[in-house]
Number of protein chains: 4
Amino acid sequence: VGIVGGAGFMGRLHSLAYGSVRAIYGDGLPRVERRRLADVRIGPAQVAAARYGWAEATDDWRDITRADDIDLVDIVTPNDAHAEIAIDAARHGKHVLCEKPLAGDAETAAAMAMAAAASGGVHQVGFVFRAWPAMALAKQYILEGRLGRALYFRGHFFHDYALDPMLPFSWRFRRDVAGAGALGDIGSHVLDLARYLMGDVERVLGRSMTFLGERPRPEGGVARVDVDDATDLLLEFTGGARGSVQVNWSAAGYKTDLGFEVWGDRGSVRFSWQQPNELLFYSCADEPDSRGYRTVILGPEHVRAEAFWPTPGLGLGYADAFAISVSDLLTAIRDRRPAAPGFADGLRVAEVIEAALASVRRRGWVDVARRDLGEASLDTR
Amino acid sequence: VGIVGGAGFMGRLHSLAYGSVRAIYGDGLPRVERRRLADVRIGPAQVAAARYGWAEATDDWRDITRADDIDLVDIVTPNDAHAEIAIDAARHGKHVLCEKPLAGDAETAAAMAMAAAASGGVHQVGFVFRAWPAMALAKQYILEGRLGRALYFRGHFFHDYALDPMLPFSWRFRRDVAGAGALGDIGSHVLDLARYLMGDVERVLGRSMTFLGERPRPEGGVARVDVDDATDLLLEFTGGARGSVQVNWSAAGYKTDLGFEVWGDRGSVRFSWQQPNELLFYSCADEPDSRGYRTVILGPEHVRAEAFWPTPGLGLGYADAFAISVSDLLTAIRDRRPAAPGFADGLRVAEVIEAALASVRRRGWVDVARRDLGEASLDTR
Amino acid sequence: VGIVGGAGFMGRLHSLAYGSVRAIYGDGLPRVERRRLADVRIGPAQVAAARYGWAEATDDWRDITRADDIDLVDIVTPNDAHAEIAIDAARHGKHVLCEKPLAGDAETAAAMAMAAAASGGVHQVGFVFRAWPAMALAKQYILEGRLGRALYFRGHFFHDYALDPMLPFSWRFRRDVAGAGALGDIGSHVLDLARYLMGDVERVLGRSMTFLGERPRPEGGVARVDVDDATDLLLEFTGGARGSVQVNWSAAGYKTDLGFEVWGDRGSVRFSWQQPNELLFYSCADEPDSRGYRTVILGPEHVRAEAFWPTPGLGLGYADAFAISVSDLLTAIRDRRPAAPGFADGLRVAEVIEAALASVRRRGWVDVARRDLGEASLDTR
Amino acid sequence: VGIVGGAGFMGRLHSLAYGSVRAIYGDGLPRVERRRLADVRIGPAQVAAARYGWAEATDDWRDITRADDIDLVDIVTPNDAHAEIAIDAARHGKHVLCEKPLAGDAETAAAMAMAAAASGGVHQVGFVFRAWPAMALAKQYILEGRLGRALYFRGHFFHDYALDPMLPFSWRFRRDVAGAGALGDIGSHVLDLARYLMGDVERVLGRSMTFLGERPRPEGGVARVDVDDATDLLLEFTGGARGSVQVNWSAAGYKTDLGFEVWGDRGSVRFSWQQPNELLFYSCADEPDSRGYRTVILGPEHVRAEAFWPTPGLGLGYADAFAISVSDLLTAIRDRRPAAPGFADGLRVAEVIEAALASVRRRGWVDVARRDLGEASLDTR
């Protein structure tokens, strides 16, 4: 594997996952060797390569996308660089893992999905929360019919890292680079989960807010923010269910609170990243005098947690999500089948965001335009 | 005091409040005598009168609205009977307490507010959650600037009492009687709190769902439901803040979960009826290494809880909210000043619901039409 | 009914209960008239009588224990006055309700229990938490065998009202008046619950702490505290189960946190007064992949909550516990059968405290000496 | 580094920590190479070595304790094998990391501590929870005086993994191998935290329970259990503070709930492994109208969490505790100073358990006999 943009925080997390996946999942997975790390400047690339366990460093990402000794290209650059690298990697027949969101706009995401599909390689987009045990258990309950008919999805992602008015301006506050603000950065995760649990989004109504119109530039002066600090979405799913997603990166008091609930006509599930190793489950089938949300603590008897510790309650952390995710990718490569979430999933999320941004502008409901991927289309749910 | 429609559940709660308010609040309040209880059938009215401590029973509400020995008329009938009784009471110079929502439509509510204002008497609408200590504390923090500028109100009211498909059809499922479904029944409470904490609503976007289109009639057969089981609202407040309200009476697992959060640029508050004696408070002014939501347990050192038990943590219950509310009403009568929430507040909520229903139909944003109450207008916030 | 010591906080709560019990429980209960309130000074007695709804006031408690127009004597004085009044009332054939703990020592409590039993009247001790719906549900699950064999009871009562070093010295800090400190004041409640759920205590090990040896006198100067601020108890129940009780009235951050857990070999229950309207229930019989504590919200489908509001989740408060408790007493009077908890229960708790105090002194295990009440003994569990 | 007993669950966790510590902590730490893994059978040792990233496998632990190419010996065998290996390693001048508890009895632990001290190498005992950020923050608050004088430590460790009567008999249920049951296995962790936060234990009172006297042997038949399923300890600390520790591995519903509270006269802290990334903090210095436990979410601004992710709230998991712990060990080796917790700490815990077991037998308080380690003694707190 080679990694592009690997000198930062995400590079570290991905590197750890490559280093730990075999100890956790055992010998059934393909052996992973951390071959080459690219970043824009060679100095930091070299430091990071040494620290994160990569054999070599480079400042040219083509040394990775086009290298003979690389099978898997991992892209953790800023959003607007994803497309060129991913497409180049795909054209050179590589498997590709790309951080989320795929691209700042759906057109670009579609090009990436087409290229990846055409390449015949395995592709995965880094919606890492989908790999989390609680999400898999929620989905299992839904598929088993334990909630009855799923009526409503209520999702959110709240944080307060952008609340500080002294937080310097960066590419995350620029629409031309990031595509969207909180909606793209954290909202895309929730939208991926919404699709994972409920199916595709048919129609969307959006409303965005920017609480702080200017932020200080690191180099002095101020810059105008043209992305959302918070967005509310109302959703209609293709199957007839309804939902909402609320995201806000200026919500005082919140720290990485991704959460969701699915309400069915026979039960419900609730999840919050504040208690990531728990899933709440309510069943109308329980006896009337002892009905209540069950706090299910994830452990070895649950799918996706079972590869970890043999004792329930020890608890997984954020880094473990990447190991699970990488194990999925390696399994897909081994079995020559699509990984989930694949680039098609990344595109679908981009299309919902595209519709949401249009809805914000038009102040009305907008149908999600789902592009036909032809043979490239993969049912990866 | 006389009560109309008092043979039911709400009659019981109001009766208890009249019986307990003096023991809780002391001699400063006007003395309340439970004089007469009216209900549509004299038998149940007599049983209820005896049980709930009323001197007499009647099956004619005019025996209350027009009686010389009654100063205060308390109306706890189904929604569509409120107006006629309240207006009659006002015309006969009575003080009026009317359960929420004032009326099924804003026109009727406006007529009630005009009549009440013209009467010179004190009028109060039964948004009883506004009287709760946690709400008063939240408001106090906001007014003191402890949240900074209030940016966003996030409210909800979830329950699952209507989830059961065997729950028989009743007036609550008829638009012509109830005005709206979950939006009117439980949503009106949240909208009152939204106004209490944030000010008036300028504009609204609504989306409603009916999960169960038919319900069994008690007498056999089925009837069509034409109100909402759930509604999502996006709000714009006059002061520039934004907000959302979500209500659902078919949310599996929830039992009376009214909740809200207010996010400011320097702090936030959170409340849920699941922990009614607590308010969560987050302050950006706390030291960085020990910042976190404070779980403030309501007790004698907090406004509105201070009349109760001298030891913190003993806890108030739903019935106590009515005692607080009645103490407000009696204080207003004693001091010859408006009560809060008054009929003007009830009207404002009705107007938001009116706009919300229009928005649901038109699938777009709708401005709230706020009627001019002229001299009748009271700033009761 | 007549009440002795009724001018204080407890007098208020008991008065409210007499005023509300009929509205809640209906006509099946005997009619209660608040006839006469006694307190040591006639002025406050008169004020309280007027405020709390009593027809008359007196400064001589014998006007209550010996009055022909009084059937039920309610005693809410400081602990060391309970015995004389209760015994006098019993001798005059009255039903007696006495606040907890019955007395500062077990000998006195035994005399009270003997007198009450000899009188033929109904007697109840004010362990009001036993009347709470969650406790009744816990007991129901145990009796139904849903926990399997009950192995362990873990109880506590934590508060911080005595943490403040400026809190003035009072009778609660004097062993000769109060009998014990936190152990008697709040620990007696937990011990009553322990017996209610698990049966009698056979043997006890105690350890006490006094964190603040002196407190300021209201009149100036300081006084020596000779009771416990905190006590840890280990328990052995007659049936073979084990348990512990921890109490502390100087536990920074706690406000009225009475709580317990019962662990069986097939399940468990947990309760905390911080969420008084919930009982947590864990069943080993649940499916392995969805096992977890169920948060059961108390409502109309649960014993003892069913007389209240028809909608689950509205929630009861501290005052409601007194109404439930009084309804038990009145039902017992009506049906001419013992009330629970009766004076025999009060004695049993006093005996456990007696043994605990001996254990604290001797620093070893002490058998609980259970006095034979002869025919007076009542199985009131 | 070489690892002994590394083919099991703990071997996996330690291996992952060696693999990730550099990526997390950077280049300041000594480089770690996973050289050799020993286990009793060569087959599993080879499989584990390959899977967990070790260069070689062996079935003779002396190939590790006496190898020239090994500086650090990591011991993750069953408890009764710790001593021989650790002492051999120390005698050969190795640094030693030994899993907890050091030994089944205090005598053996003392011999290990003496040997380790004499060796001049760095030694660490695997009380891994001490390395957790919340514990470090609790200690920081205590040292800063934010709780005032620490009065009471309340610790517990509850689990239900031994509740199942079908769980086969193993060495954990044999006193001669394990030393103690729940008290040794999970209680030792809590006792280490008690010492970390409060100082040494002077005196102890213990009471143990065995709920299930026999368990099925894997090979058929049943075997007698002679260790505790649950133990209650009351503690007296040398500084005058008091405390309690409760452990139970048959507590229905619990999954790895290690928790503690420290109550001071000016504030308190609470922790539970159910929310491992949070510390609750209560300060009497907060304003009276907004005082309450603060839920502090651990993140980059907190000691020991700061090496991880830059965004608060992402959350650490169990495996991360091992990385933190190993970083401590490597730092100590680099700086040639003692690691914490060292073998002296492991001995102190063994001495408390020794006293506790004596107390259980004698049913009374027992002074903790603290052995003099002479120059070997290290203040590693």
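The values are calculated or read from the model by the stated rules, or taken from the named source; none is laboratory data. Remember, predicted model here, so these are calculated numbers, not experimental data. So basically every Cβ, Gly included, is an ideal-geometry build from the backbone, and we count neighbours across all protein chains shown. Please note that ligands, DNA and RNA were not included when accessible areas were found on the heavy atoms of the full protein model with its side chains. Shrake-Rupley method; radii C 1.70, N 1.55, O 1.52, S 1.80 Å.
Remark: the range C:302-381 carries a charge dipole of roughly 260 debye about the Cα centre, counting +1 on each Lys and Arg Cβ and -1 on each Asp and Glu Cβ.
Dividing the summed helix terms, -39500 (n - 2.57) for each DSSP H run of n ≥ 4, by the number of residues in chain C produces a 222 nm estimate of -10000 deg cm²/dmol to the nearest 500.
Accessible area of D:Phe211 (1.4 Å probe, protein heavy atoms only, ligands and nucleic acids ignored): about 40 Å². Grab the other residues whose beta carbon is less than 11 angstrom from that of D:Leu235, score K and R as +1, D and E as -1, and report the net. Summing Lys/Arg as +1 and Asp/Glu as -1 gives 0.
Taking all protein chains together, C:Asp226, B:Asp345, A:Asp372, B:Asp80 sort by accessible area into A:Asp372, B:Asp80, C:Asp226, B:Asp345, largest first [probe 1.4 Å]. Charge tally around A:Ala110: other residues with Cβ under 13 Å, Lys/Arg +1 each, Asp/Glu -1 each, net -3. Label-to-label distance, A:Glu287 versus D:Val177, with points set 7 angstrom from Cα along the beta-carbon direction: 3.9 nm.
For the range C:121-228, the solvent-accessible area with a 1.4 angstrom probe is 31 square angstrom per residue.
With its label point defined 7 Å out from Cα along the Cα-to-Cβ axis, C:Glu306 lies at 4.2, 4.3, 6.0 nm from the matching points of the other copies, in increasing order. Take every Cα pair under 8 Å whose residues are at least 6 apart in sequence, average their separation, divide by the length of the range C:37-82, and the relative contact order is 33 percent.
Give the percent of DSSP beta bridges with both residues in chain D that are antiparallel, rounded to the nearest 5.
That works out to approximately 65 percent antiparallel.
Surface composition of the protein assembly as shown: carbon and sulfur atoms hold 47% of the protein heavy-atom accessible area at a 1.4 Å probe.
Computed from label points 7 Å out along Cα-Cβ, the spacing between C:Thr331 and B:Glu33 is 3.5 nm. For chain B, the dipole from Cβ point charges (+1 on Lys and Arg, -1 on Asp and Glu) about the Cα centre works out to 220 debye, to the nearest 20. Peptide A:257-270 has a mean shielding of 3, counted as Cβ atoms of other protein chains within 10 Å of each residue's Cβ.
At the nearest 100 Å², what buried accessible area, both sides summed, do you get for C and B when the probe is 1.4 Å?
Looking at C and B, the buried total is near 3200 Å².
Once C-alpha pairs closer than 8 Å and six or more residues apart are averaged by separation and normalised to the residue number of chain D, the relative contact order reads 19 percent. Only residues of the range B:184-204 count here: report those whose backbone N is under 17 Å from the spot 7 Å along Cα→Cβ of B:Thr238, or say none. From the range B:184-204, the list is B:191-204. Projecting the Cα atoms of C:Ala38, C:Ala49, C:His82 onto the dipole axis of the range C:18-94, where Lys and Arg carry +1 and Asp and Glu carry -1 at the beta carbon, places C:Ala49 farthest toward the positive end.
By average Cβ neighbour count within 10 Å, what is the ranking of A:14-27, C:169-182, B:212-225 from highest down?
On the way: A:14-27: 21.4, C:169-182: 19.4, B:212-225: 12.6.
The densest-packed peptide leads the list: A:14-27, C:169-182, B:212-225.
Taking all protein chains together, A:Asp59, B:Asp335 sort by accessible area into A:Asp59, B:Asp335, largest first [probe 1.4 Å].
Run through the DSSP bridge list for the protein assembly as shown and note the antiparallel percent, rounded to the nearest 5.
DSSP beta bridges in the protein assembly as shown are roughly 65 percent antiparallel.
The mean number of Cβ atoms from other chains found within 10 Å of a Cβ in peptide C:169-176 is 0, as a whole number. Computed with a 1.4 Å probe on the full set of protein chains, the accessible area for B:Lys255 sits at about 30 Å². Here, the range C:140-228 is characterised by an Rg to Rh ratio of 1.12, where Rg is the alpha-carbon radius of gyration and Rh the Kirkwood radius. Each Lys and Arg Cβ is given +1 and each Asp and Glu Cβ -1; about its Cα centre, the range D:74-216 then shows a dipole of about 520 debye. Distances between copies at A:Ala55, taken between label points 7 Å from Cα along the C-beta direction, are 1.8, 9.8, 10.0 nm in increasing order.
Distances between copies at B:Gly213, taken between label points 7 Å from Cα along the C-beta direction, are 4.8, 6.7, 8.0 nm in increasing order. With the whole protein complex present, C:Trp61 retains an accessible surface near 50 Å², based on a 1.4 Å probe. Its relative contact order, with pairs defined as Cα atoms under 8 Å and 6+ residues apart, puts the range A:40-194 at 18 percent.
Would you mind giving the mean number of other chain beta-carbons within 10 Å of the Cβ of each residue in A:240-253, as a whole number?
Other-chain Cβ atoms within 10 Å of each residue's Cβ, averaged: 5.
Selection among A:Ala17, A:Trp61, A:Ala134 by position relative to the dipole of the range A:1-141 gives A:Ala134 as farthest towards the positive end (Cβ unit charges, Cα centre). With every protein chain in place and a 1.4 angstrom probe, the accessible-area ranking of D:Ser268, C:Ser272, largest first, reads C:Ser272, D:Ser268.
Annotation: amide H-H contacts under 5 Å for D:Ala57 (H modelled 1.01 Å from N, sequence separation of 5 or more, or interchain): D:Leu37. Chain B comes nearest to the axis taking it onto chain D at the Cβ of one residue; that residue and its distance, in whole Å, are B:Arg294, 3.
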